[in-house]
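For reference, the structure is listed below as C-alpha cells.
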C-alpha cells in the first residue's frame, strides 16, 4: 500500500506540534513525501530528522501562515524540493480567549489572521497547481467550536465557523474538477493549546488519534465535513440547542 504513495506529496501547515506533527509522521510512514511548514524552525528540523531516520522523506520551510508572502515562498520551496503537492493539510491554528473590557483586539485579529486567512492563503498557494493537474485534496482542520458561539471564545468560534463556510463553498465550486475538499472538525485534542483541566475538555482525544482519523480521510479521499469524536459531536448538537444563559451557567461552574 505504501509503495503506491511513494511519489505523492503532502504539505502540512502547523507541523511543528500537535495534530500537524502527528499527521506528518503518519503520512510519512505510509510513503508520502511530506512538506512541513510552521514558525518554529528548530522543531521542524527535529521532525525532518525523525522522519528521515525512519526511512521517510521530508522538507521543512519556516513561515507564519498569516504572512501571505512568506507562506507562498514556503510552498514554492517545498515543491521545488520534493515535488508538486497532491494533498494540502491547512492545519495551523491559534486560540486566545476573547475579552470584553477592554476588547483584546490584537488577539482577535491574530486569531482570524491565522485560523481563517492562514487557510485561505494556503489554499491560494495550492489551488493553481491542483487545477492544472486536475487532481488533489484540500484538507482544512477546523473545530466543533465552529458550530456555536461559546462564552469567552467569540473570535476562535467565529474564525472556525468562517473556515467551515469557506470550505463548504469550495466543495461546491470544485465539484467535478478532480479536487477533493475535506473539512475536519475535531472536538478537544490534547495539544499545547488544550487546558490541563480535564473537566473543561470532555471526550478529549490524543493528537495521534486525531491524526489517524484525518489520515484515513485522506487515504479514502473523503470530501465534505467530518466531526469527531462522535460523543463530542453529539454533545455539541445538544449544546447548540441550549439557551445562552444555560450555557453560560454550565461553563462558569
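The values are calculated or read from the model by the stated rules, or taken from the named source; none is laboratory data. Keep in mind that this is a model prediction, so the values were computed, not measured. When we count neighbours, we look across all protein chains shown, and the Cβ atoms used for this are built from the backbone with ideal geometry, even at glycine.
Is it fair to say residue 242 is surrounded by 12 or more Cβ atoms within 10 Å (Cβ to Cβ), out of contact with any helix residue (DSSP H, G or I) (no Cβ under 7 Å at 6 or more places or on another chain) and within 26 Å of residue 174 (Cβ to Cβ)? When the stated conditions are applied, residue 242 does not pass them.
Scan region 121-146 for residues that are touching a helix residue (DSSP H, G or I) at 6+ places or on another chain (Cβ under 7 Å) and within 13 Å of residue 67 (Cα to Cα) and the total you get is 3.
For residue 109, are the conditions met, namely being farther than 29 Å from residue 7 by Cα and at pLDDT 95 or above?
When the stated conditions are applied, residue 109 passes them.
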